[in-house]
Amino acid sequence: MKIQLNGQEKIIEEGKTVAELFEKEIKESSIIMACCCNNEVKSLNYIPKENDNISFIDLLSRDGRRIYIRGLLYIMSKAFYECYPEALLSVNYQLSNAMYCEVDNMKLTQEMINTINKKMDEIIKNNLPIKKVEMTKQEAEKFYEKEKTLRGILQLDNKQKEEVSLYFCEDYYNYFYGVMPITTGFINIYEILLYNTGFILRYPGKHNPYALESKPASKKLISALDEYKNIHEVLDVNTLYKLNKQIRDGKTSELVMLAESLHEKKIADIADKIIKKKGVKVVLIAGPSSSGKTTFAKRLGIQLKLNGLKPVTISVDNYFVERNETPLDQNGNLDFECLEAIDLKLFNDHLTTLLNGGEIKCPTFDFKLGSKKYNGETMKLSEDEVLVIEGIHCLNDKLTASIPKDKKYKIYISALTVLNVDYYNRISTTDTRLIRRIVRDNNFRGYSALDTLQIWDSVNRGEENYIFPFQDDSDNMFNTSLIYELCVLKKYAMPLLGKIDNSCKEYAEAKRLYEFLKYFEDIDDSLVPENSLLREFIGGSIFEN
């Protein structure tokens with residue numbers, strides 16, 4: 001039987017799995033996690049068919065890292081089940097190349113962590129098979145009635161899902177969303193450490209899949225995530241199962257109002273802190289793509305006005321260097337995202353002039369011509385006015401090097417998702433932002449979901465280089481996520497994702513997001529307030545004009 005493997009024709013034995021057919025290659029690589037068949041992610045237990053087009057998925061890819069993390073979390077949860085079966089374990093959120101986890105009903109000690117570490121090493125060394133078992137809904141109902149467990153029970157509520165799947169390893173089972181390693185032996189690099197009130201489970205980063213990176217977790221990020229997690233636990237909506245239940249119980253309006261009120265309270269709090277830091281004349285806002293920076297800046301402006309400060313915006317985009325001075329990236333293309341693409345001298349000269357009470361001639365950058373133009377527009381700051389600037393480099397002091405630190409207030413914003421699918425499956429912050437961007441790009445920029453997916457890796461690289469390294473330099477962090485937002489976004493995103501077929505390499509990602517969104521109950525967008533950050537993506541915002 002013929003297949004294509006990594007672009008080369010191979011004659012293979014029919015009826016064997018990818019793992020059996022290419023055992024030598026997989027063993028020699030040590031970082032192969034799964035395979036891609038006709039642009040769809042498959043387990044290494046997949047049995048190829050005639051003319052399949054197959055390639056390996058390793059730890060250098062986003063899908064490979066996801067599979068590795070799932071496998072590691074599975075092994076960790078199995079270790080807890082065997083050593084501390086009463087432990088109420090939860091996987092809370094990602095911190096750099098680590099997952100932060102907690103045990104709700106036990107105080108963790110170093111001895112407990114040492115025990116879990118030893119058990120995990122044993123499970124990995126034994127190279128135990130991880131098998132996917134699929135049941136009909138009827139079979140699953142009987143299974144859950146007998147087992148008295150909540151692991152994977154969310155699948156029973158999914159009306160669009162005909163089967164329930166669980167991953168079994170010996171007598172332990174659990175549900176994880178997505179493909180898993182076929183044995184525990186595929187996980188070989190990790191570290192488990194006591195941290196804060198829980199522990200972190202570290203794994204290799206994408207730049208070096210053979211070692212752990214030394215980058216520490218962000219304490220400010222943990223604090224921002226913890227604050228929202230604690231609030232949502234009090235509201236009893238910390239998992240998708242509970243969120244869907246509240247919607248089905250007719251509590252949608254209250255849910256939306258509580259989420260929006262939390263945003264308003266936090267924005268007002270940030271405005272108060274800006275006022276208390278006397279002498280602030282420049283407010284700088286930065287965050288990754290689709291964080292809702294535009295709406296946040298406008299809502300913050302309203303709160304500043306209530307405190308007697310009038311916000312005036314200035315766009316960094318008008319201060320690009322001339323096109324022939326734009327730096328090139330490693331591929332020889334114009335690099336508009338690097339700091340050196342900004343005319344730093346002119347920008348800082350203008351800021352200094354404004355803060356000293358002078359007047360500037362405002363440039364407008366013509367992106368077609370690649371040059372700044374001056375159309376007679378001027379700017380001068382009054383005593384009761386403050387500059388509000390948003391942009392990719394706003395947390396980097398080099399952007400505003402001429403401005404004293406006591407004159408600046410820096411805000412990092414992002415959609416820091418704290419809602420989990422269940423206690424073991426977290427919802428990725430990056431996924432939330434990607435779904436937001438797919439919807440916004442289609443609504444306002446005329447881009448298809450395929451267009452957005454094709455540039456997403458490039459967008460992420462820019463964030464990793466120019467935003468994330470500076471997040472701890474911020475004076476405040478604002479979480480733009482809304483507990484209910486994916487319930488609204490799904491009706492926009494799913495039809496767009498459904499248009500991508502398996503002839504495109506982005507099909508695997510589109511299918512993953514499409515299937516993921518099926519788990520959410522629908523919320524009609526008429527319930528979304530006109531000043532909501534969510535309106536920046538679905539339309540109908542009072543700030544659009």
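FYI, it's all coordinate maths here, none of it is from the lab. These numbers were taken from a predicted model, which means no experiment stands behind them. Because the Cβ atoms are built from the backbone with ideal geometry, glycine has one as well, and the counts that use them run over all protein chains shown.
Structure above, values below:
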quantity: Local net charge near Val418, Cβ-Cβ under 13 Å (Lys/Arg +1, Asp/Glu -1); calculated: -2
quantity: Contact order normalised by residue count of the range 2-58, Cα under 8 Å, 6+ apart, percent; calculated: 46 percent
quantity: Aspartates and glutamates with Cα under 14 Å of Lys380, excluding same-chain neighbours fewer than 8 positions away; calculated: Asp349, Glu359
quantity: Relative contact order (percent, whole number), the chain, Cα cutoff 8 Å, 6+ residue spacing; calculated: 15 percent
quantity: Net charge over other residues, Cβ less than 11 angstrom from the Cβ of Phe537 (K, R count +1; D, E count -1); calculated: +1
quantity: Charge dipole (the chain, unit charges on Cβ, about Cα centre) - positive-most of Thr252, Ile12, Tyr519; calculated: Thr252
quantity: Cα shape, the range 433-545, gyration tensor, a/c 1.5 rule; calculated: oblate
quantity: Mean shadow area of the range 2-58 over all directions, Cα convex hull, nm²; calculated: 3.4 nm²
quantity: Over the range 64-216, relative contact order from alpha-carbon pairs under 8 Å, at least 6 apart, %; calculated: 30 percent
quantity: Contour minus Cα-Cα distance for Ala268 and Ser382 (0.36 nm per residue); calculated: 38.8 nm
quantity: Where labels lie 7 Å past Cα in the beta-carbon direction, separation of Leu346 and Glu515 in nm; calculated: 5.1 nm
quantity: Mean Cβ count within 10 Å, highest first, over the residues of peptides 80-88, 479-487, 508-516, 220-228; calculated: 479-487, 508-516, 220-228, 80-88
quantity: Helix-only mean residue ellipticity at 222 nm for the chain, each DSSP H run of n ≥ 4 adding -39500 (n - 2.57), per residue, nearest 500; calculated: -11500 deg cm²/dmol
quantity: Gain in span if fully extended, Glu122 to Asn6, counting 0.36 nm per residue against the direct Cα distance; calculated: 38.3 nm
quantity: Efficiency of FRET between Lys148 and Glu20 - r from beta-carbon atoms, R0 41 angstrom, step 0.05; calculated: 0.65
quantity: Extension gain from Leu306 to Lys361, taking 0.36 nm per residue of separation minus the Cα-Cα distance; calculated: 16.9 nm
quantity: Within the chain: Cβ-based charge dipole about Cα centre, in debye rounded to nearest 20 (Lys, Arg +1; Asp, Glu -1); calculated: 720 debye
quantity: Rounded, prolate or oblate (a/c below 1.5 giving rounded, otherwise prolate when a/b exceeds b/c) for the range 58-106 by Cα gyration tensor; calculated: oblate
quantity: Calculated over the chain: convex hull of Cα atoms, volume per residue (Å³); calculated: 168 Å³
quantity: Net +/- balance of residues flanking Tyr241 in space, Cβ distance below 10 Å, scoring K and R +1, D and E -1; calculated: 0
quantity: Cβ-based charge dipole, the chain, positive-most Cα from Asn114, Gly540, His263; calculated: His263
quantity: Cα-Cα over 31 Å, subset of Lys107/Lys137; Lys266/Lys408; Lys305/Lys490; Lys220/Lys373; Lys273/Lys372; Lys16/Lys146; calculated: Lys107/Lys137; Lys305/Lys490; Lys220/Lys373; Lys273/Lys372; Lys16/Lys146
quantity: Unit charges at the beta carbon, dipole of the chain: most positive-side option, Thr136, Asn425, Asn38; calculated: Asn425
